[in-house]
Each structure stands twice: as C-alpha cells, then as structure tokens.
Amino acid sequence: MKSLLYATAFETYAIWSVLGISILGLAYALLLRAQILRKDKGTPEMQEIWNAIRQGADAYLERQLKTILPLIAILTVLLFFSVYIVPPSAEALARFSSLGPDQVRLVIGVGRALAFVMGAFFSLLVGQFGMRMAIEGNVRVASASRRGFAESLQIAYRSGTITGMLTDGLGLLGGTAIFIVFGVAAPDALLGFGFGGTLLALFMRVGGGIFTKAADVGADLVGKVEAGVPEDDSRNAAVIADLVGDNVGDCAGMAADIFESYEVTIVSGLILGLAMASLTHELKWIIFPLLVRGIGVLSSIIGTYVVTGESKGRRTNAMSAINHGFYTSAGLSIFAFFLLAHFYMHEWRAFLSVSVGILLAIVLDEVTKYFTHTEYKPVKTIASSSRTGAATLLLRGLAVGCEASVWQILVIAATILAAVLIYHGQPVIHVFYGVAMTGIGMLTLTGNNVAMDAFGPIADNANGIGEMAHLEPSARQIMADLDAVGNTTKAITKGVAIGSAVIAAVSLFGSYLSDVSSVQERMGLSEGLRLLSTGIRVSNPMVFIGLLIGGSLPWLFSSTMISAVARAAALIVTEVRRQFRIPGLMEGRVKPDYRQAVGICTVAAQKELLGLALIAVFAPLVIGISLQVEALGGFLAGVILSGQLLAVFMAVTGGAWDNAKKLIEDGLYGGKGSKAHEASVVGDTVGDPLKDTAGPALNPMIKVLNLVALLAAPILVRYDLTHPGMWVVLLVSSLLIVGAVLYSRREVAEPEVLQEAPGLKRPEQAAAPMAPEPCASLGAVASEPVNYRLYCLVYPMEALVASMLPPEEFATYLALGTRKIARGKVVFFEVEPGFASQRFDWERARMECVPTPDGQPKKSVYLGIYRVLEHVPLKSIRRLYLVTRDGRVLDLAPQHIAQAADHPRRDGAYLYQELCPVRPLVVSRLDPLDLGQFMTDPSNPLHMPRIFFARLKLGDNPRNIEEEASLPYDNLAHIQDCVREVLGHDKATKTVERSSPDGFFYSTITDGFYLAEQKGGLYFPFPQEDELKDRYYKWWRSAV
C-alpha cells in the first residue's frame, strides 16, 4: 500500500483491521437500534406526547442545519484556497511524488476541504442520529416501566449506547480513512477533519444549550412560580419545549462535544505520531493510537452487556450496574494495551501513557461525583445553608465550584506531569506525544461515557412522559429512580468532557508548536530559533499580552451565552403567559399550542450561533496577525487555563445547586414548599445556564481556537503586517468580532409584567369571586335537597365553596386541576350544606352550582372569603381533608375536643401552627386545650371567636432543641430563644413568625388538629408515623 511508507505487513493489516473495527462499531449501533425499535411504545396518550417531542426536535434540527450550512460552505471554500497561500509540505510532496507542486496543492486543497465537510457531517450525524434514538428510547423506557425496572434500565442504557457507538465508529473511521489515503501527508487533511467536527460541536453545544435553558426557565418561571402548575404539566405551553431541550442540549450537544474531543485527540495523536515517525522512520507511533481506539470500541461493546440491572435494588443497583459496565471495559482495555505495547511497541512508555488516560477519566469521575453527588459533604453543606436563605446557599455553591476547579486542574496537571516523567530525558515532541496518548486513553471508553450521558435525558424524558400520561405510581417510581441516576451520570460525564477538552487542547498546543517549527525549518531558520526549541516565552511582552487576552476570551464567551439564555427565556415567558390567559386552558378544556414555544426557542437559539462562531474562528487570526505566532501560542495557553477553570467552576457549581435542591425535595429541611426549598430553587435556577449552557460550550470553543491557530500557523509564520493582504484580513476579522459582540449585547423587549396580565395572578394574590351584596334571599335555609356539596377552605386561604365534586375529586381539583386559588397542599373541611346563616348566598349556590354546557360538574362557586370559619356551626362540620401537592388525600374524622385530653401532656413548651383565621408560628407553655381557651377568651385583648391550629413536633428536649437536627424549621436557635422566654418569664405564648404561609408541613404534625372556641370545639387526631406508612403510604410518601 503506497500511502503507508515504511509499513510492515503487520502494520498494513492492523490499519485495515482498525477500519473494520470502526465499521463493526457502526454495525453494532444499527443492531441496537433495531432491538430498541422493536420495543413497545406504550399507550396512545404516551405516543401523543412522544410525537410532540419528536416533531419539536425535528423542527429544531432542520432550522439549525439551515442556519449553519452557509457558514460551512464559506469555510469549505476558504480551507480549499488556504493551501495556495503557502508551498506544499515536504511530506505532501513525498506522498504524491508523481505529481507536480500545483497538482499536489490541488489534491491537498480538495482533501482538506472534503475532510472538513466529513468531520462536520460526522459530528452532525452523531448529534442528530443519537438524539433521534434517544427520543425513540424515552417513550419505550416509559412503557417498559410498567413491566419492571431491569427492562427499563436496559432500554435507557442501550439507547444511549447507540450514540456512543456512533461516536466511536465515525471518529475512528474518519481518522483511519484519512491516514490510509494521505499517509505521511495526513496532517494537512486531518486538521480539516478535526476543525469540521469541532465547529459543528460548537454549534450544537451553543444552540442546544440556549434552547434547553430558555425552555426550562420559561416553563418553570411562569408554570411553577406564577401559575403554580406542577412540573411537566400538560397545560404549560413550554413543557414540550422543555422536554425537547433535554434532547437537543444533553443528547445532541453532549454527543457532538465528546465526538469532537474523540476526533481531535485522534487528529493530534496522528499529527504528533507522524512527527515522531519522521524522526524514527517507524510507523508504530501512528499505528499505536489507532489500535488503542480499536480496542476501545471492542471493550465498550462488551461492557454494554454487563449493564442489566437484574438484581433487587433500584437506584443504587442502576448506578452500580452502569459503573460495572464502565470498569469492565476499562479493565479489558488496559489488559489489551499491555499486550499491544509488549508485543508490538516493545516499550512501556506508550502503555503507561494510555493507562494514565483511563485513570484520569476514572479520577475525574470521582472528583466530579464528590462535589456534585448528594451522598457527599459539599452538596449536603449547600443544602444545609439553605435554611438561612438563598444568599448563603449561593455563597456555599460558589465556594464548592471554586474548590472543585482547583482539584480538577491539579488532577489534569498531575496527568501532564506523568507524561513528562514517562518521557523524561526525551525531546519535547515525545512529551507532547505522551500527552496526546493520555487523551487517546482517556477517551478510549467513549462508547461507555456517551451512553452514560445520554442515559440522563432519556430517563428524564421518560419520567416527563410518565407524568403527563398519568402512569401508575409503581411505573412512575421506577422512572423517578432512573431519572435520579441519570442526574448523576450527566454530572460525571460533564467532568470527563471538560477534562478531555483540556487534554486535547494541550495536545493541539503541542501540534501547534511542532507545525510552526516545521514551517520555520522550511524557511531556513536554525533549530535554536524555532518555536519548538525556544518555547512560549512569557517574558516577551507580546506573549504576555496574548496570554491575558486568551484568558479573558472564555469569560466573554460565557457572558454572551448567558445573555442569550436570558433573552430567549424572556420570549418564552411572554408566550407562556399569553397562552395561560386562553379561556379554558387552565381548566384543561383547551390544549396549549406547544409548537409556538418550540418555534420561539428554535429561532432564538439559532440567532446566537453565528455570532459566537465568528468570535471563536476569527479571534486567533486577529491575535496571530497583530502579535505574531509566539504571542498566539500565549493566547492559546491563556484560553486553555482560563477556559478549563471556568468550565469546571460553572459545571460543578450548577450541578451542586441542582442536587442540593433534589436533596431538600427528598424531605430534608422541610422538603418541598419549605423556605429551604425556595432558597434551593433560586440556586438551581441560577445554576442551570451555567452547568447546561455556558460551561459545556467552552469545551468545543477551546478546541476551535486551537484548530484555527493550527490551520493558520503556516500563513502567520510566512506573512506579517508588511503584506497588504494581512491588513485586509485583520480589519475584516476585527469588524466581524466587534459586530458579534455588539449583537450579543442587544436587548429584547421586556416581558409584560404579571400584574398587567389579566386572568393570570400569583396563587397567593388570586382573589376568589366575591359574594354579591346582601339581598332578600340571604339568610334562607335550604328547605329542599341541594345539588351541591359545601367545603370550607382553611389553608392556604379561608373560603366557603360550593361544588358538585365529591371530596377526593375536589381535593385533586384544588391541588392539581387549578392553581388560581390554591397552590400546593390544601386543607379544608367538608360541611353540611344549608346551615342557617345570613352571611352566605344559598340561592346563588343553588342557581350556579349546576353542570356546565358540556355536561361536566361545576367545580366551584365561591360563597365567601375571609372570616368564614367562625360562621360555620361545629355540628355542620363533617371531616377534615389534608391534601398534598400532587393531590393525595388523607381525611380525618372529628372528635369532641375534650377527647384530646386523653393524650399525654407534659410540662414545658409546645410549638403550634395556627392556620385560621391567621397563621403565626407560636411557642406556648399551654397545652392544646388551654391554648384554645386562652385564644378565644373575650377578656384576652387579642382574642378571636374560633381558632384552628395544629401542634407541631418540638423534639424530646424543648430546652435544647438546637440538637434536634431533623426538625424541619429554618431557625432553631430563634425557636429556642422563644422557648426560654416563655418558660423563663411565665408568658402564655410567644410568636416565632407572624405569618408563615409556606412554613406548614405535614411531616411536622404530632398529635392532631384542633378547632377551638369558648364553648368547646373539635379535635382531629393525626395518625402516628407507623400507621401512616402502613395504611396511608402513598399519602405519607407524597407528604414528606
């Protein structure tokens, strides 16, 4: 084979074997695809939701392709003509020795342009095909959850493995094919291949990140915060866009990101390997990285079959099964590397380098897991700080992100140091080759890494489909467990992606020094004056300027990305608010227009792509032309260092805030709805654009800058500003960058303020329909059977409501069916209709509480708000209903309040939550019966006719409650001060909080609820925890 100069028979067959292995990886991806597509897609309702997600993703990908194709076409032409500016390399002339210099230029130009298109196409294919398979997999995971955990896990992981095998197969296929065709002239084409893949990854990372976070912020801000509907509620116009965003950001974006790292490490490894081969006249330096990647494909295929999830556990078992597959592949790879190094390379340095790379991937996994997983101290510390508010939570998260950046940079520095020590005493090119082999080894298990990453959005989408399709609780629990594992795997793979980006960038940095030195050699510079010998001298002022500018560029890029998310989110907020005002949408009679939100996100994301790409492509040209090649090397060093630190900081900080919120939602510090939870939601909202948009986009940006510098290096060495054409390039490049920056700073119209949006009010501000003025019919007692039921709401507002719904349906309606009045948990009494009272309009209830025109029962007619409970006779109260956020209902039967005296009393302090007519949190030395009498005593200046309250847990030792770490209260020290004041000064009561609308948790209730007045009252005993778990488990699980 003519292209493989110096190749032995074994090496020739090895190259073709690697090509065959890459095709095997692609065939395995197609086999898995066929297996996944044979699985059941579930109910028609599930398929309808899935189809909406699929159509939204297709629309996004089609629009993105139209946006980037013009730039790809322009760059293809520029890359073709770039070879005509400088003479062909000696390697190119040797490879195509039968052709003349002009014909060699033509061949190399066509090869570089086609390689660029191939790299871009492969990156696009990995992202688009991988995302489509993730979408195909999510509905099948949701369907499989109805049958069992093991099948759901297997479908989710193997759907992600398809993307991993595409990454492995296409990356290896492209690099190997280019080497087979171009031989020692391969670097000229490999740079185009790497640049195409990296540029497309930048587009997909930037566009996907903006899309997913704009949809997420818009859906959560208006849906959960303003309108109060639950997450993944079908009435939210942005919910489908949110689910689509999970795929375009976490599937397509991450897959393209890791693919280009995989691609770039092959490119840098082959370029440095060719430099080594030119010194030693041995092809083993080139063949070895290709064989290493081939081994990785085979070991990843084997590792896939280890992930079964057939043991009894769920969440823990899923994570251990995935880890088992990863470590199995790692062990097989290291063993095969040893055999390859021993029998082929006949030296141990290459084996140690790739083994260090695998070790680096494992260590980065563990470092990221430590700082972002709920089991470890950093996230627990952030969660704990939420008890004192959002500010302290944010500060803790920032501190964790700063520390994580230091540890990750130390791990990467130790890896590079290991390469230096392994090749100690060898020329510097050997050291850079060792670093490149570390990157090759780190991404050997790309199939496993991409599968782990894609697992996250697949499980998340499946969970969303299950919620919207109202699957049975057991199936939703399986999906929730898989979703929790997916959050961990996504955080882990982000660490690997960032680490691989830095190692790849350092390898490209070495390639840059080697490439510049080669051009300087052809220009006749002595060896001592070449860049590979002199190095990048920071003492040179120009180099230091380049270093400073390079260090600032990731910050400019991040600012642009975060601003883009803010602009796009503002558009989504406006659109979702508009649709919530559509009559009948909140009641579920009208479906929202999901396509509008998807279209807004798509258009907004694409508008930001070209500006950011222009900054990344033309910044190295401006620095290289104005400050020259050594300063450009300093610029690249600054980009690598600053970009790595900032990317880790944003990814870890956002991930830690996210998991701190999840830890609180699992019941810590009061669970959902508590003030701690509110603080954690702030942290999660701030962290989302950091960890899912700006941070991940820095990975491809770093490599785009390095590859542009590599492509431009031969031109920058030969020409400076004395050439008129360089002034033109400098001026055009500078104008494009300035234009992109100014474009990124534009503002969109502010979304309309909520108070000006009629029909959509914050839940706590929404007013119930007011009763009309008194008329002649008031005071009448119903003398005939009524067609409605009567309910007295006491939490979160006080109201008397007539409804045709039975209690359980009325409870669900308030908690889930509408949020105009109630938000989250609801507490109400069922009341005997028609009691005598002139305050309420019974005629209005009888006339309006009738079926709707479509035959549906009338859900609510408000007969009065404020000071309602005191006018409801005790004898008319039937039962008390406690409703959780997701509509679970626990009803309590009343007893006479005197029966509460049978419960044991104690000396000391009690903690009470008053619920009606006011809602302070109170410490008292009075037991519940005495408190009821005291608060309703007319001689008390602050008395009330009737009071409804609950007794809360205060621990076994009220005098030292600071030790009760499990108590879900924000400020235990303040409660203890109140206890001391009550007990020390013989006070009856002491107010802890004057109003705590969100501070009431079912998990804090101890013996029950009390409805007291001077002449008596009612007592509603609350079941003990064991009884709740045994008899009312679903309610208890929802409540805590």
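Counting Lys and Arg as +1 and Asp and Glu as -1, what is the net charge of the other residues whose Cβ lies under 10 Å from the Cβ of V652? Overall, the nearby charge balance is +1. For the chain, the longest principal axis of the alpha carbon atoms and the long axis of helix 284-304 meet at an angle near 30°. Normalised by the number of residues in the chain, the average gap of Cα pairs under 8 Å and 6 or more apart makes the relative contact order 12 percent.
So, counting K/R as plus one and D/E as minus one, what does the shell of residues with Cβ under 15 Å around M437 add up to?
So the surrounding residues net to +2.
Packing around the peptides 346-359, 245-258, taken as the average count of other Cβ atoms within 10 Å per residue, puts them in this order, highest first: 245-258, 346-359.
Just order 455-464, 280-289, 421-430 by mean Cβ neighbour count inside 10 Å, highest at the front, would you? Walk me through the intermediate numbers first.
On the way: 455-464: 29.8, 280-289: 21.0, 421-430: 15.0.
By packing density, highest mean first, the sequence is 455-464, 280-289, 421-430.
Considering only V992, L352, P87, and ranking their Cα positions along the charge dipole of the chain that arises from unit charges at the beta-carbon of Lys, Arg, Asp and Glu, the one farthest toward the positive end is P87.
For the pairs K380/K1029; K591/K662; K672/K990; K39/K494; K213/K494, flag any whose C-alpha to C-alpha distance is greater than 21 Å. Too far apart for the 21 Å limit: K380/K1029; K591/K662; K672/K990; K39/K494. Calculated [222 nm] ellipticity per residue, helices only, for the chain: -21500 deg cm²/dmol; basis is -39500 (n - 2.57) per DSSP H run with n ≥ 4, divided by all residues, nearest 500. Relative protection proxy for 301-307, 909-915, from highest mean packing down: 909-915, 301-307 (other beta-carbon atoms within 10 angstrom).
One chain, two ends: S539 and A90. Fully extended at 0.36 nm per residue, the span grows by 158.3 nm beyond their Cα-Cα distance.
With θ taken as phi - 60° and the Karplus curve 6.51 cos²θ - 1.76 cosθ + 1.60 applied, the whole-hertz 3J(HN,Hα) list for the stretch 410-424 is 5, 5, 5, 4, 5, 5, 5, 4, 4, 5, 5, 5, 4, 9, 4 Hz, x standing for glycine and proline. With mean projected area of the Cα convex hull in nm² defined as stated, name the option among (i) 53.5; (ii) 45.2; (iii) 47.4 computed from the structure displayed. Matching entry in (i) 53.5; (ii) 45.2; (iii) 47.4: (ii).
Amide H to amide H, with H built 1.01 Å from N, R878 comes under 5 Å of E830, V831, E832, counting only residues 5 or more places away or on other chains.
Read-outs throughout are calculated quantities, based only on the coordinates presented, and are distinct from any laboratory measurement. Given the structure is predicted, the values throughout are model-derived calculations rather than measurements. In this analysis, Cβ positions are derived from the backbone assuming ideal geometry, glycine residues included, and neighbour counts consider all displayed protein chains.
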